[in-house]
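Below: the structure, in structure tokens.
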Amino acid sequence: MIALLTTAFFVALAISLLLTRIMIRLGPKLGLIDEPGERRIHVKPVPRAGGIAVFLTFVITVFAIQSFSELSGQLSFKWFKAFASASLLLVIVGILDDRWGVNAWLKLMAHGLSAVFLFYTSGGNVGSVLGIEVPEYVDLAIWVIWTVAIINAFNLIDGMDGLCAGLAMISILSLTILTIALRSGTDAIVLIVMLGTLLGFLRYNFNPAKIFLGDTGSMFIGFFIASVALVSTGERFTAASLLLPLIVAGIPLIDVILAVWRRSFRTVLHKLGVGGKDSVFGADQHHIHHRLLAYGLTQRKVATILYTLAIAGSFLALIPSLFDHRTMGLTVAAFSVSGIIGFRYLAPVELKISGEVFKLILKRPARSRLKRFVLTFYDMGAILFGITFSYILNNNGNFPFFEKSNLANSTFIPTTAITLASCLFVLNAGKAQIRLWSRATFRDFLSLALWFSIGTIIATTINIIISNETYTTIQRQTMTFTITAILLIIPRCLSTLLRESVIDSLHRNVAKPNSNRPKVLLYGAGNMGELFLLHTKTTAKGHFNQMRIIGIIDDHPELNLRYQDGFKIRGGLETVTEICQTEGALDGIILTMRESPPEEKMVEIAEICRKFNLKLYQWAPNLNIIEIDQSLGD
């Protein structure tokens, strides 16, 4: 088997190197050229005929292997013939798109038709969902949605030298490991062929690229990965299938989710009367690789960073399959921590747009009954998810309570009913659905946690009495509490997170370093400085939001190098000279204090501003209570 895998890899590699070189010369003659443009990163014309080379290499190599060794297993020669036939439609549409351009809806239709054709000709199916057998039409719907999503994920990520092919190689290598761990090495032959094919192409696609995949290649690669991924996990539900999206397309899927989020909210903004019209199928320069390039990184460094993240993500997702399903908790915890830390850096644009939408919606008349109903329904779903997931973790990633033979003896149904009733009743008593969460304080969140804790304790006590399983019940209820508490907090702190995201994207370190907005310092870290920062969060776009706050200065020595609301207090007034001399990029100072500084201090400030050509502002809101003359209306 090892000799066959090695032969398959090197045959595919050799053919790929040869055909890619041929397509570098032949592509321009066929009119398959990617010209430089406003949305392009490259600065000279590059052939985009690599997809043809990848497709031909894969087909030729598999036929060659079949001639002296019968392909068996799930990825048999029968599967290959069905896949190659379905891929042909994508390749034809891709070539037309690379040559003349094809409507986005037509391409989407081709994605769906290819998925449907492969489903019926290869016998492919997802088998079950969460351990429950599903009807054929549900099976088909899941197959098509999954396939279309993965095709588009790799299609959208193909915007930089070596990125799509490199990430695809990592995905296929992960699938190869998963296939061997779950089944046998026979299915790995087809995966190894694609691995060699992509490595040969990457030789000419890595920066500086001599050839691009084009839509032909990115769609074909996405279709291949989507198809073999579902076959690799088999029909039974495992931890591997739960983490399958992260294994096969972590970075591309995150990128496509961000793109849909960003473009959808821009469409909502346009309907609310703000900004220009946008489309989910439109193009922009806010993909993950564009954001890293904006920080001054080279294409090679960006590719290396994303390769590293993809490898780390795939490894974490593979841990439960390679070792023990009980390590599922470790994987979930690792992804959760990484997501929490990296989210604000990964999605500043999306959070900013969402914040703008949220502000506009808040200004509209409230529908309190509808909001209460939606929040109650959400809380119910969060509790059910927490209970279900805690059972999954306690059963090593399996779903035995869904099996009819075990259903009568399962504690899942009574535990769910008791926990759901207790927690919803207590949350309602604590007014968790009718508080004004858009202006929530720490006290509100503390109250939510306290009431939910009471509900969990009541449910735990009743479940212990009924089941007589003290340790297991406490363990399960603790996990339920932890998971559900996080889910309960998320929608309630959303407005705060979005307001903070606006500040992040405009001012803090996640703002683009090459921003053309004037850079200013706040002078005064007291109550007025804090009030000014709150003002920038809660008001619509205005004069101050056209600037970028790079820090705070204050003459109080004990505040030096501390942080206020995420902004560094960089020292006293003397620090301005140092900042201007070392960093150079400062345009003004905003005075944020109740009273103007003493005359001698103002003289010093004025001299610094004249010396470094800085503008001086003062923020002075009227904080006095003014009695209104009620006789004006008489």
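The values are calculated or read from the model by the stated rules, or taken from the named source; none is laboratory data. In this text the structure is predicted, and so the values were computed from the model without any measurement. Virtual Cβ from ideal backbone geometry, glycine too; neighbours counted across all protein chains shown. The protein model used for the area step is the full one, side chains on, heavy atoms only, and it has no ligands, DNA or RNA in it. Shrake-Rupley method; radii C 1.70, N 1.55, O 1.52, S 1.80 Å.
So here's what we get for this one:
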| read-out | value |
| --- | --- |
| Euclidean distance between Cα centres, the stretch 558-629 to the stretch 159-199, Å | 57 Å |
| Net lengthening on full extension, Glu530/Ser453 (0.36 nm per residue, minus Cα-Cα) | 24.4 nm |
| FRET efficiency estimate (nearest 0.05) - Cβ-Cβ, Ala585 to Leu322, R0 56 angstrom | 0.70 |
| In Å², nearest 10: area of Trp437 left accessible to a 1.4 Å probe | 20 Å² |
| Estimated FRET transfer efficiency (Asn428, Ser67; beta-carbon r; R0 60 Å; 0.05) | 0.30 |
| Residue among His556, Thr582, Pro597 farthest towards the positive dipole end of the stretch 555-598, charges placed on Cβ | His556 |
| Potential lengthening between Ser338 and Ile474 on full extension [0.36 nm per residue; Cα-Cα distance subtracted] | 46.2 nm |
| Cα→Cβ-extended label distance, 7 Å offset, between Ala14 and Ala84, nm | 1.9 nm |
| Solvent-accessible ranking of Arg492, Arg291, Arg562, Arg594, largest area first, probe 1.4 Å | Arg594, Arg562, Arg291, Arg492 |
| In nm, spacing of pseudo-spin labels at Lys371 and Ile490 (7 Å Cα→C-beta vector) | 2.1 nm |
| Accessible area in the full protein assembly, largest first, 1.4 Å probe, for Thr473, Thr577 | Thr577, Thr473 |
| ³J(HN,Hα), Karplus 6.51/-1.76/1.60, whole Hz, each residue of the stretch 17-33, x for Gly, Pro | 4, 5, 5, 5, 4, 5, 6, 4, 7, 7, x, x, 5, 8, x, 8, 10 |
| Interchain or long-range residues, amide H under 5 Å from Leu591's placed H | Tyr523, Tyr617, Gln618, Trp619 |
| ³J(HN,Hα), Karplus 6.51/-1.76/1.60, whole Hz, each residue of the stretch 156-173, x for Gly, Pro | 6, 6, 7, x, 8, 3, x, 6, 5, 5, x, 5, 5, 4, 5, 4, 5, 4 |
| Residue-level accessible surface for Lys431, protein heavy atoms, 1.4 Å, Å² | 110 Å² |
| Where the stretch 1-150 is the region considered: accessible area per residue in Å², 1.4 Å probe | 51 Å² |
| As computed over the stretch 8-53, the Cα convex hull volume per residue (Å³) | 83 Å³ |
| Sites Thr461 and Met380 - FRET efficiency at Förster radius 30 Å, r taken between beta-carbons, to 0.05 | 0.90 |
| Accessible-area composition of the stretch 1-159, carbon plus sulfur, in percent [1.4 Å probe] | 67 percent |
| Residue-level accessible surface for Val260, protein heavy atoms, 1.4 Å, Å² | 70 Å² |
| Tensor-based shape of the stretch 551-612 (alpha-carbon gyration tensor, a/c under 1.5 rounded, otherwise prolate or oblate) | oblate |
| Where Ser16, Ser67 fall by accessible area, highest first, once all protein chains stay in place (1.4 Å) | Ser67, Ser16 |
